[in-house]
Amino acid sequence: MNAPFRLAPFTSEEDSRQWLMRLAEKAIAAVHPDSLLPDQLPEKPTGRTVVVGAGKAAAAMARALELAWASQSSGESTDLEGLVVTRYQHGAACQHIEVLEASHPMPDALGEQAAKRMLEAVKDLGENDLVIALISGGGSALMSLPAEGISLKDKQALNKTLLRCGATIREINTVRRHLSAIKGGRLAACAHPARVVTYLISDVPGDEASLIASGPTLPDNSTPRDALTILERHQIDVPDNVRQHLLADHSAPQPDSPEFARDQHIILARAYDALDAARRSAEASVSETSVGEASVGETSDGESGIDVRVLGDDLEGEARDLGTAQARMAFKLQDEITRPLLVLSGGETSVTVKGDGRGGRNVEYLLGLFDSLKGAEGIYALAIDTDGIDGSEDNAGALIGPECWQRAESLQLSARDYLARNDAYSFFEALDDLIVTGPTRTNVNDFRAILILPRQP
């Protein structure tokens, strides 16, 4: 990870694929909690310091907080207490902050219990106490505490339907907030009059703080009627108790509520930071090609380098459609360039599930791209979820190059057939092109990189 990141000569498929993999590693390292908290700590209170949190990065954030807190306190972090919940297998070793694990993306009883314990932990605090909330993507499902009159089973059913119907993360979290006893600022309201400082790692396009993990410590401008409109727009069958709850207008605490007057939130990392780290690493690359040796990475005058274009950190839409659109873009750009071009993008796409296959949005995007490229020479692509888990499978994403098309043909694999079944995982598994990193313990959502080499005479 600390070795110089050099521009590959790109003379083989292996060069290009390995270069993209190392670029992704740089992007993930830039948004990991270990390097983000030390310079952002709040002033210690005269009272207690209670830590709560939820998300795929919550345990790593808790560990980083303990280390930074101890460093600030001459080696003592024993005045920290509290608990965080993260996804199964995303835990980290902490000394004073309890780490719990629960299910994601489908909420379970352990997540419900964790949410109840967080409310208990903060409910009797005073104005001299401090609550530190560690919030990251995935937290909404991990602390699923239904509102009164709503059961966990109700929320599980709605969550499953929302995840499969193509709803955006903004829409999904709007519904979750208004069916919750802890989201939409309700955790912070319970902690009042204690001061609440929230640290966030953003996984939502646009980085609106109240949307990250459905904003348990931040006020919300949406209404219960907004949630009902979303459910109706996607033609989701709404149980009578859920409909009545939303029609009763159980609004969350409002932004001008005195409960939030002393609170503060800080976004530690976002998709932009991962893309920017990749951009800087690519632009700083130094060619390993020896003087006088021809390289695809060199221009006609001997200059060696790469151009980088960032399309944005908030791209949304149907995953396969974005892949198709970016394939068209890659063909157009390849006709215009004279040296390698790296195209980066982030955000969170969605998948409308119509088949019974396995996959996540990143491999579905990549399969759409793959089907449109049809093995075009000189174009390579990588797509991963920065948390290390694409959907509910064991892979972070996948990686493609021209030779993948040849291998798919030799194995008689039809990309369109696999797309029709939403079975992108099985397609790339058969090609041995899945990227398996394991949990990264951070989460700024999708990271996509397309390497386009100039057309060769």
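The stretch between Thr229 and Asn241 holds 2.7 nm of extra length on full extension. This uses 0.36 nm per residue minus the Cα-Cα distance.
Cross-linked pairs Lys116/Lys155; Lys116/Lys354; Lys155/Lys354; Lys56/Lys374; Lys56/Lys155; Lys26/Lys374: Cα-Cα separations exceed 25 Å for Lys116/Lys354; Lys56/Lys374; Lys26/Lys374.
Our helix-only sum for the chain, with -39,500 (n - 2.57) per DSSP H run of n ≥ 4 divided by its residues, gives a mean residue ellipticity at 222 nm of -11000 deg cm²/dmol. Given R₀ = 45 Å, what would the calculated FRET efficiency be for Ala284 paired with Gln412, taking r from the Cβ atoms and rounding to 0.05? The value I calculate is 0.55.
Between Gln254 and Asn128, the FRET efficiency estimated from the beta carbon spacing at R0 = 25 angstrom works out to 0.45.
Antiparallel beta bridges, as assigned by DSSP with both residues in region 306-457, represent about 75 percent of the total such bridges. Within region 111-144, list the residues whose amide N lies under 16 Å from a label point set 7 Å along Cα→Cβ of Glu81. Zone members listed by number: 117-132. Subtracting the Cα-Cα distance of Ala70 and Ser392 from 0.36 nm times their residue separation leaves 112.3 nm of extension gain. Here Lys44 is the anchor, and the lysines within straight C-alpha reach of less than 25 Å, apart from those fewer than 8 places off in the same chain, are Lys123. Which whole number in µm²/s is D for the chain by Stokes-Einstein, with the Kirkwood Rh taken over Cα pairs at 10 °C and 1.306 mPa s? My calculation gives 69 µm²/s for D. Heavy-atom accessible surface of Cys190, to the nearest 10 Å², is about 40 Å², with a 1.4 Å probe and all protein chains retained.
Counting only DSSP beta bridges whose two residues both lie in the chain, roughly 40 percent are antiparallel. Can you give the accessible area of Ser12, probe radius 1.4 Å, in Å² rounded to 10? Around 40 Å² of this residue is reachable by solvent. Label-to-label distance, Glu120 versus Gln18, with points set 7 angstrom from Cα along the beta-carbon direction: 5.3 nm.
The values are calculated or read from the model by the stated rules, or taken from the named source; none is laboratory data. This one's a predicted model, so the numbers in the text were calculated from it and none came from an experiment. Note that each Cβ is placed from the backbone with ideal geometry, even for glycine, and that neighbours are counted across all protein chains shown. Surface areas here come from the heavy atoms of the whole protein model, side chains and all, with no ligands, DNA or RNA. Shrake-Rupley method; radii C 1.70, N 1.55, O 1.52, S 1.80 Å.
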